[in-house]
Amino acid sequence: MELKLTLNGRAVTAQIEADTLLLDFVRSHGCTSVKRGCETTNCGLCTVLLDGKPVLSCATLAARAAGRTVTTLEGLQEEAADFVGFIADQGADQCGFCNPGFVMNTIALLRENPDPTDDDIRAYLAGNLCRCSGYEGQLRGIRAYLDSRKG
Amino acid sequence: MEEKQYRSVGKSVRKKDSLQLLLGKGVFLEDVVPPGALVVKLLRSPHANAIVEQIDTATAAKVPGVVGIYTWQDVPQHRFTNAGQTFPEPSPDDRLILDRHLRFVGDPVAIVAAEDEKAANRAMQLIKVTYQVLEPVLDPRQAKDAPVLVHPEDTWHAKVDVGGDNRRNLVASEVSGHGDVDRVMESCDIVIEHTYHTPACQQAMMETFRTYTALDRYGRLYVLSSTQIVFHVRRILARALGIPKSKIRVEKPRIGGGFGAKQSAISEVYPAFVTWKTGRPAMLIFTREECQIAGSPRHEMEIRVKLGADRQGNIRALDLYTLSNTGAYGEHGPTTVGLSGHKSIPLYTGGLEAHRFAFDVVYTNLQPAGAYRGYGATQGIFAVESAVNELAERLGMDPTLIREKNMVREGMTMPAYYNEISRACALDRCLEHCKEMFRWEERYPVRDMGNGKVRAAGVAMAMQGSAVSNVDVGSATVKLGDDGCYTLIIGAADMGTGCDTILSQMVAEHMDCPVDQVTVFGADTDASPYDSGSYASSTTYLTGKAVEKACTQLKQQLCAIAAELMDCQPEDTLFQGDRVICQEGSRWVSLEEISYKAQCCNQHAAMVTASHTSPVSPPPFMVGMVEIELDKLTGEVSILDYMAVVDCGLPINPALARIQAEGGIVQGIGMALSESVTYNPQGRPMEDSFLQYKIPSRLDMGKLRVEFEHSHEPTGPFGAKSIGEIVINTPAPALAHAIYRATGVWHRTLPITPEQIAMGVPEG
């Protein structure tokens, strides 16, 4: 079947199988930041924005994105660059495999709530698993960024 | 203690790859391989113990896109071990790429290679296998000398005598000790004797096992793999495939976590075999389910502790027996078990008069175990620390005071740790610091919150080692580039831990230049100097020392080149970072001039490779304290605060050391409260996805606080010891302690789930 959508601001038309997952579709279109970690919607690594809302692309058929806008970290480099340096300062990137997923969800969080509390951050990112960092350094990084904006 | 001030070491430098990772650049295996590789899939055994009677692949082979289907009849018959260990591996040679005898649910029956995943999956469904189903050995307690043998084959081979015997389902067996433990035990006022049980746990690194293989321009086998051990993988593949090591090149890209899982060659042999057979690029990516059922989890252990003490709380004797379940294959079986005693008993070297440590490691028809952060020490420390907490409660003594009385201290010889001397030990300061930070006196007493909830605290100490002494080798090549920058080439594997950056900080310190002036390359068996790999808490300690040696020699080489430029004697020169000066007079040449001179009419290589091995494995030490709130009705445990103080010598990069500690603590919390690999009565694993296998999320870990007490390890680079593994060891005993304090029930089996807490009945 034919699929038309907007991927990171670009109009894309492609032939797909009806059972193609959005995760595989975006990866095959160069968006390799999107990772598969579990296949059962438990890890959050495959988070993309569908019409601006975070979704798990491993549990979304590509066909569901027809006519809609899909954004991956490839399309949000500047917005991410604003804050990821603070996470790097904590060393909390670690292996990095989960980073794109939680960075995408952090972007979604900050768009919804520009001034979240620590508990807001923990709750919003609860679905983004990380096995390396113990989470605390990621929180310190985001907190340091938010504090830096307050001057 | 006054510490030397450094320019690059001891600083929280950002990881060199951090922005690439955080911005999602394509740096992982699946991101960097060219398209068009054959998709490799494994048909896996549905039975725990079975023989392939017949296998019919004819129909499956007709599926369009299928390129090859391979069975036990197609593979070489050299038994090998997947364990990434220095040759000769203590782990027995007990595997074939595909075996007619299937030994666990998930053991590969056939390899399918196809143009795409759909064709491979379709073909897997069409392979017809007739199994002769055999009685499995599923209980490790019944495995030794059981009538059913997991490895009855004559070709089973142990290269090292570790007391194993495949005719007894035994991989290893040993007894060691000092003093007359039975006599001392008899004269003790109090003897605590209990059995502790730790299940298999999955590393659950976010990136599953994966390997890409292709033939290179010389027709050699090129292997790109998510591995901690490129050199061991090369050797394992050479043996498994029956081809020379010189025909194989192994490289690693960025690795999405390892934790020891990738210290075994779990995924490599299958695509390598396909490429060697077909000449075509091939790739195998494990699903999460495969990772869960056919990975390389922690060894299940049952540890009987007998602890003898006097009424004042002086620990006089420790007697441990560990039964370790290695599953269907023996990877890391003979070695992990040793740590359960050798890295738990020495914590109480203080007044210990005698100890005994015995173990058996048995085969069962369950998922083969492997290396997982902590490597047996985690299991042993859960048992010994729990026993010490039980002693404290029995005596009505503060458990921190019992530890102060008995702990190992700097300068002590540790009989249970190969008689090594504890030359750098701040364990006493760690405990004092942690007590103060945690406010132990205030929080140790149990507090009923009046709403069905109770607050309580627990404590545990831990140790580990730094590298495998007298065995493993770390190496580093450091070379000067055109513009006065350095390239560091290593065979160790940065799996997210930051060793690329940490080792670069060391180069920068030695060469007196900014860290940004150091580029890192690794790991690649064609280009890197030999390194055992990144495991056994070795990279900072061992490879770091190789960096020190290489830099020391490189400075001499650069001075020799500079001496020619300045027409003076090398011994009259002095290396000053950005220049070399001639001490007679005021002449100097810049690094850049030296690098150009190195390229023109030059006899001295501006490059040095150095290797290092260590006769000792200095333990890092740690104290962890936890405060929980426990719901007496539901058994739910909420962690409020977890505080820890670590002595890893000098932290080379404090931010990265802290993240290691925080990450390890959270993994340890998962092991203590929720993670476990269990099987149904037929031996089928129950937790085959993250739906059932619950690793901690951001909401499950409370607040963490980690601080450091420095010591100076004389054999380590800049006084450093290790940190990678020790950090997982305190949560299980500290949480079991806190749960006892809240409920009056000792839980000696992990994980301690809400169900077990709610159903728990106090003893006596």
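Does B:Gly341 qualify as being within 26 Å of B:Met397 (Cβ to Cβ) and of a type in the set (Gly, Ala, Ser)?
When the stated conditions are applied, B:Gly341 passes them.
Mind checking whether some residue in region B:149-159 is among the charged types (D, E, K, R), loosely packed, with under 14 Cβ neighbours inside 10 Å and under 26 Å from B:Glu390 (Cα atoms)?
The answer is no; no qualifying residue exists.
Out of all the residues in region B:691-702, is one or more closer than 28 Å to B:Ser617 by Cβ, crowded, with 22+ Cβ neighbours inside 10 Å and outside the structural domain of B:Glu289 (by TED's automatic domain parsing)?
Looking through region B:691-702, none of the residues is closer than 28 Å to B:Ser617 by Cβ, crowded, with 22+ Cβ neighbours inside 10 Å and outside the structural domain of B:Glu289 (by TED's automatic domain parsing).
Give me the residue from region B:234-263 that is of a type in the set (Gly, Ala, Ser) and surrounded by fewer than 22 Cβ atoms within 10 Å (Cβ to Cβ) and, out of that set, nearest to the other protein chains (Cβ to nearest Cβ).
The extreme case among them is B:Ala238.
Confirm whether B:Glu571 is farther than 19 Å from B:His510 by Cβ and part of a helix (DSSP H, G or I).
Judged against the criteria, B:Glu571 is a match.
Only one of (1) assigned to a loop (DSSP other than H, G, I, E, B); (2) under 25 Å from B:Arg684 (Cβ atoms); (3) more than 14 Å from chain A (Cβ to nearest Cβ) is not met by B:Leu284, so which one is it?
(1)
Scan region A:4-51 for residues that are away from chain B (no Cβ under 12 Å) and basic (Lys, Arg) and report the count.
Adding up the residues that qualify gives 2.
I'd like to check something: does region B:684-705 contain any residue that is on the phi > 0 side of the Ramachandran plot and either in a loop (DSSP other than H, G, I, E, B) or among the basic types (Lys, Arg) (or both)?
Yes.
In region B:696-720, which residues are touching a helix residue (DSSP H, G or I) at 6+ places or on another chain (Cβ under 6 Å) and away from every other protein chain (no Cβ under 11 Å)?
B:Glu709, B:His712, B:Glu713, B:Gly716, B:Pro717, B:Ala720, listed by residue number.
Does at least one position in region B:743-750 carry a residue that is in a helix (DSSP H, G or I), assigned by TED's automatic domain parsing to the domain that holds B:Cys434 and more than 23 Å from B:Leu339 (Cα to Cα)?
Among the residues of region B:743-750, at least one is in a helix (DSSP H, G or I), assigned by TED's automatic domain parsing to the domain that holds B:Cys434 and more than 23 Å from B:Leu339 (Cα to Cα), which makes the answer yes.
Would you point out the residue of region B:643-657, among those that are among the aliphatic types (A, V, I, L, M) and at the interface with chain A (Cβ under 9 Å from one of its Cβ atoms), that is farthest from B:Gly724 (Cα to Cα)?
Per the criteria, the residue is B:Ala655.
Which one is surrounded by the most Cβ atoms within 10 Å (Cβ to Cβ) among residues in region B:737-764 that are among the polar types (S, T, N, Q) and out of contact with any strand residue (DSSP E or B) (no Cβ under 6 Å at 6 or more places or on another chain)?
By that ranking, first place goes to B:Thr743.
May I ask you to say which residue of B:Val269, B:Val230 is farther than 20 Å from B:Cys499 by Cα, modelled with pLDDT of 95 or more and crowded, with 24+ Cβ neighbours inside 10 Å?
That would be B:Val269, the only listed residue that is farther than 20 Å from B:Cys499 by Cα, modelled with pLDDT of 95 or more and crowded, with 24+ Cβ neighbours inside 10 Å.
Out of all the residues in region B:658-692, which are within 12 Å of chain A (Cβ to nearest Cβ) and over 30 Å from B:Ile502 (Cα atoms)?
B:Glu675, B:Glu687, B:Asp688, B:Ser689, B:Phe690, B:Leu691, B:Gln692
Within region B:177-192, does at least one residue satisfy the condition of being in a strand (DSSP E or B) and small (Gly, Ala, Ser)?
Scanning region B:177-192 turns up at least one residue that is in a strand (DSSP E or B) and small (Gly, Ala, Ser).
Can you work out which of the residues in region A:52-94 that are among the acidic types (Asp, Glu) and either farther than 30 Å from A:Glu17 by Cβ or without any contact (Cβ under 8 Å) to a residue 12 or more places away in the chain (or both) is nearest to the other protein chains (Cβ to nearest Cβ)?
A:Asp93
Output the qualifying pairs, or none if there are none: Cβ atoms under 6 angstrom, residues six or more apart or on different chains, first residue in region B:704-721 and farther than 19 Å from B:Val626 by Cβ, second residue among the basic types (Lys, Arg) and surrounded by 22 or more Cβ atoms within 10 Å (Cβ to Cβ).
Pairs found: B:Glu713/B:Lys721; B:Pro717/B:Lys545.
So which residues in region B:323-357 are part of a strand (DSSP E or B) and polar (S, T, N, Q), if there are any at all?
B:Ser324, B:Asn325, B:Thr326
Can you name every residue in region B:527-549 that is at positive phi and of a type in the set (S, T, N, Q)?
Selection gives B:Ser537 alone.
Where in region A:68-143 are there helices (runs of 4 or more DSSP H), lying wholly inside it, with at least 2 residues that are crowded, with 24+ Cβ neighbours inside 10 Å, among the hydrophobic types (A, V, I, L, M, F, W, C) and in contact with a strand residue (DSSP E or B) (Cβ under 9 Å, 6 or more places away or on another chain)?
Passing ranges, in order: A:99-112.
Would you mention how many residues in region B:181-213 are of a type outside the set (Gly, Ala, Ser) and either farther than 20 Å from B:Val305 by Cβ or within 14 Å of chain A (Cβ to nearest Cβ) (or both)?
Residues that pass the stated criteria total 12.
Within region B:359-373, does at least one residue satisfy the condition of being at pLDDT 95 or above, part of a helix (DSSP H, G or I), surrounded by 16 or more Cβ atoms within 10 Å (Cβ to Cβ) and touching a strand residue (DSSP E or B) at 6+ places or on another chain (Cβ under 7 Å)?
No, there is no match, as no residue in region B:359-373 is at pLDDT 95 or above, part of a helix (DSSP H, G or I), surrounded by 16 or more Cβ atoms within 10 Å (Cβ to Cβ) and touching a strand residue (DSSP E or B) at 6+ places or on another chain (Cβ under 7 Å).
Look through B:Met397, B:Met412 and report the one residue that is of a type in the set (A, V, I, L, M, F, W, C) and in contact with a Cys (Cβ under 9 Å, 6 or more places away or on another chain).
None of the others qualify; the one that does is B:Met412.
For region B:715-735, state whether one or more residues are assigned to a loop (DSSP other than H, G, I, E, B) and over 22 Å from the mean Cα position of the chain (by Cα).
No, region B:715-735 contains no residue that is assigned to a loop (DSSP other than H, G, I, E, B) and over 22 Å from the mean Cα position of the chain (by Cα).
With respect to the numbered conditions (1) more than 27 Å from B:Arg311 (Cα to Cα); (2) in contact (Cβ under 8 Å) with a residue 60 or more places away in the chain; (3) outside any helix (DSSP H, G or I), which one is the sole condition not fulfilled by B:Asn451?
Condition not satisfied by B:Asn451: (2).
Given the residues B:Val105, B:Val150, B:Val162, which is the only one that is in the same structural domain as B:Ala37 (by TED's automatic domain parsing), touching a residue at least 40 places away in the same chain (Cβ under 8 Å) and in a loop (DSSP other than H, G, I, E, B)?
The conditions single out B:Val105.
Being buried (at least 18 other Cβ atoms within 10 Å of the Cβ), under 30 Å from B:Pro681 (Cα atoms) and not hydroxyl-bearing (Ser, Thr, Tyr): is that true of B:Ile51 here?
The answer is no for B:Ile51.
The values are calculated or read from the model by the stated rules, or taken from the named source; none is laboratory data. These figures come from a predicted structure and were not determined experimentally. So basically every Cβ, Gly included, is an ideal-geometry build from the backbone, and we count neighbours across all protein chains shown.
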